[in-house]
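What follows is a short report on a single structure.
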Amino acid sequence: VNGSTTVPAPRPTEPGLFTVLRIARDQLGEPIRHFERFGDTFQTELFGIPLMASRDPKVFEEILIRQHKSFIKDLTTRGTSLLLGQGLITSEGELWRKRRRLIGPYFHAREIGAYLPAFREEAERELAAWSSGQTIDVHRAMAELTMRIALRTLFGDDGTEVEDFEATMNDAMLYYLGIAGTTLKLPLALPTPMNRRFLRAREHLTAAFRRILARVRAGGAEKSVLGALLGAQESGALSDQDLIDEGITMLLAGHETSALTLAYTLALLADAPGEQRAIQRELAEGVPDTLEGLRRCSRLNQVVKESMRLYPAVWAVGREAIEDTAVAGFGVARGTQVFLYQWAAHRHPRWFSEPDKFIPGRWTPEFESRLPRGLYVPFGDGPRICVGNLFAIAQILSALATLLKRYEFESIAPFAPRLVPVVTLRPSGPITLRVRPRKLD
Ligand code: HEM
């Protein structure tokens, strides 16, 4: 064991099954109530499997960065390999390291500039269809937008081959809600309606992706990430199945999370007309066409940070201890399933005053320098930090700037979404806003 003076983390007195069922019923609220009662980290167990939950930045930092070698992805995340195969999210060890080295460079800052025109053009295309006073489901609109962006920049596809990708992704994701939202699933071999729908969705995605592969191979999308991976395949580094796994992983990870972030940000802004005006003033000179330019729009950046604090599209990350260890003074047994709740850390009252309120102005440089590492981690941290985080930020800033330059967003009712935490943090229904064109200055 790592460190000599370890103690067990606090644990609720009731049987673990009760705690787990309670949390399954309210996966966002219940952990916070437990943290308030037992402390920022607590443990329990389910059928002999030790479980640990935390909102403590020290625990995040230990597990994601300092002791990352003692942990792999948790059972639930590993379960997504039914859809994602051995792609970058689910792979481990030497396989993961090689792939990350291969794929990572295509998401570096110097590559992002080449994608910016596509981000902007696709946003322009989206808003060209809007008319004054129209109500729009911004979640749906942003999902279509980020899907087109992902297909175009990552795969060099123009979107014609996979029209119902979005609905198919939905079907695939619903599977992970499990039976009655408990995340429990029956073996895929059983022909339940949920299992059948999932398998159909998986087949459909794979078939669509094979068509894209065939077209890219025939020539025409060399400039996409996939084009580059195909180049790597020629040297024997990747099989067809590897390409499919990485492709579906990137598409799922790359479009859904950005769409949610854009939709939540627009909804929050619709309730904060003063913030919208401040951003619009920043854009008086036009929408910046470089990443540095977008980064200099300080109000816009503050709004995105605050939106990802309140509604982190990835609301928790999971790990499994592969050896006995100690984390922030607590003993952690091998096999422990650890849940790091970004959702709860981002609303920790010790660091965020009025934690449930949208206050973009709190993100001053001084405030950021006071935050402990590990507390605000919408993209995770350590070696497994989101490979697409710069791509995501650039896409979100660029799309928001393009939309807000042309339109004002008005709320129809104050934004108070019912949230469904599946793999990502999704709204239970549409997010409907009214749009009005701005007078261009
Ligand atoms: C707002 C947008 C996004 C959010 C909030 C987000 C969040 C995250 C988080 C929290 C992780 C770490 C999970 C863990 O440690 O277990 C992650 C990993 C990952 N993300 Fe993202 N992500 C976003 C956008 C993207 C985009 C645009 C792409 C690709 C184009 C992408 C691809 C990936 C991949 C491949 C991984 C696994 C990386 C690895 O383990 O090496 N994500 N993401």
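The values are calculated or read from the model by the stated rules, or taken from the named source; none is laboratory data. No experiment lies behind these values; they were computed from the predicted model shown. Here the Cβ is made from the backbone with ideal geometry for all residues, glycine too, and neighbour counts use every protein chain on show. Side chains included, ligands, DNA and RNA excluded: accessible areas come from the protein's heavy atoms. Shrake-Rupley method; radii C 1.70, N 1.55, O 1.52, S 1.80 Å.
Averaged over its residues, segment 339-379 has an accessible area of 49 Å² per residue, based on protein heavy atoms and a 1.4 Å probe.
For the chain, the mean residue ellipticity at 222 nm estimated from helices alone is -15500 deg cm²/dmol, where every DSSP H run of n ≥ 4 contributes -39500 (n - 2.57) and the total is divided by all residues, rounded to the nearest 500. Here r is the Cβ-Cβ distance between Ser353 and Glu111 and R0 is 30 Å; the resulting FRET efficiency, rounded to 0.05, is 0.20.
Once Rh for the chain is found with the Kirkwood sum over Cα pairs, what is the Stokes-Einstein diffusion coefficient at 25 °C and 0.890 mPa s, in µm²/s?
Values: Rh = 22.8 Å.
Translational diffusion coefficient: 107 µm²/s.
Contact order, relative form, for segment 197-317: 23 percent (alpha carbon pairs under 8 Å, 6 or more residues apart, mean separation divided by residue count). Only alpha carbons enter this Debye calculation for segment 230-335, each as an equal point scatterer, and the log10 of I(q)/I(0) it gives at q = 0.16, 0.19, 0.20, 0.24 Å⁻¹ is -0.91, -0.98, -1.02, -1.23.
Only Cα pairs under 8 Å and 6+ residues apart enter the sum, and on that basis the relative contact order of segment 1-106 stands at 16 percent. Taking a ≥ b ≥ c as the square roots of the eigenvalues of the alpha carbon gyration tensor, segment 7-54 is oblate, as a/c is not under 1.5 and a/b does not beat b/c.
For the chain, the share of DSSP beta bridges that are antiparallel, to the nearest 5, is 85%.
For Glu408, the residues whose amide H sits under 5 Å from its own are Arg436, Arg438, ignoring neighbours fewer than 5 places away on the same chain, with H placed 1.01 Å from N. Spin-label model, Leu188 to Ile322: label points 7 Å out along the Cα-to-beta-carbon direction sit 2.3 nm apart. Remark on Arg11: its backbone amide H falls under 5 Å from those of Gln43, a criterion applied only to residues 5 or more positions apart or on other chains, H modelled at 1.01 Å from N. Excluding same-chain neighbours fewer than eight residues apart, the aspartates and glutamates reachable from Lys69 by a Cα-Cα span under 20 Å are Asp56, Glu61, Glu92, Glu94, Glu320, Glu323, Asp324, Asp381.
For the chain, which longest stretch is free of loop sites, where a loop site is one of the trypsin sites (Lys or Arg not before Pro) that DSSP puts outside H, G, I, E and B and that has at most 16 other Cβ atoms within 10 Å? Provide the component values of the computation, followed by the final result.
Details: sites that count: Lys223, Arg334, Arg350, Lys357, Arg373, Arg418, Arg438, Lys439.
In the chain, the maximal stretch lacking such sites is 1-222.
Residue ranking by accessible heavy-atom surface, 1.4 Å probe, largest first, among Ile149, Ile32 comes out as Ile32, Ile149.
Over all distinct Cα-Cα pairs of segment 1-100, the Kirkwood formula returns a hydrodynamic radius of 15.6 Å.
Starting from 0.36 nm per residue, how many nanometres of slack lie between Arg295 and Leu82 once their C-alpha separation is accounted for? Don't jump to the answer; show the numbers that get you there.
Working: separation 213, 0.36 × 213 = 76.68 nm, distance 3.75 nm.
Full-extension gain reported as 72.9 nm.
Subtracting the Cα-Cα distance of Ser131 and Arg436 from 0.36 nm times their residue separation leaves 109.1 nm of extension gain. The portion of the accessible surface of the chain made up by carbon and sulfur, rounded to a whole percent, is 54 (1.4 Å probe; DNA, RNA and ligands excluded). Placing +1 on the Cβ of every Lys and Arg and -1 on the Cβ of every Asp and Glu, with nothing else charged, gives the chain a dipole about its Cα centre of roughly 380 debye.
The value of relative contact order for the chain, using C-alpha pairs under 8 Å at least six residues apart, is 28 percent.
What's the local net charge at Ile322, with K and R +1, D and E -1, over the other residues with C-beta under 10 Å away? Intermediate results must be reported in sequence, preceding the final value.
Working: positive: Lys69, Arg319, Arg334; negative: Glu92, Glu320, Glu323, Asp324.
Computed value for this residue: -1.
Distance check, please: which entries in Lys58/Lys185; Lys305/Lys439; Lys357/Lys405; Lys58/Lys305; Lys58/Lys357; Lys73/Lys357 exceed 30 angstrom between their Cα atoms? Lys58/Lys185; Lys73/Lys357, as the Cα separations exceed 30 Å there.
Taking GluC sites (Glu not before Pro) across segment 278-351, the ones in a DSSP loop with at most 14 further Cβ atoms lying within 10 angstrom of their Cβ are Glu285, Glu323.
Send over the per residue convex hull volume for segment 263-396, Cα only, as a whole number of Å³.
On the way: hull volume 17.1 nm³, N = 134.
Roughly 127 Å³ of hull volume per residue.
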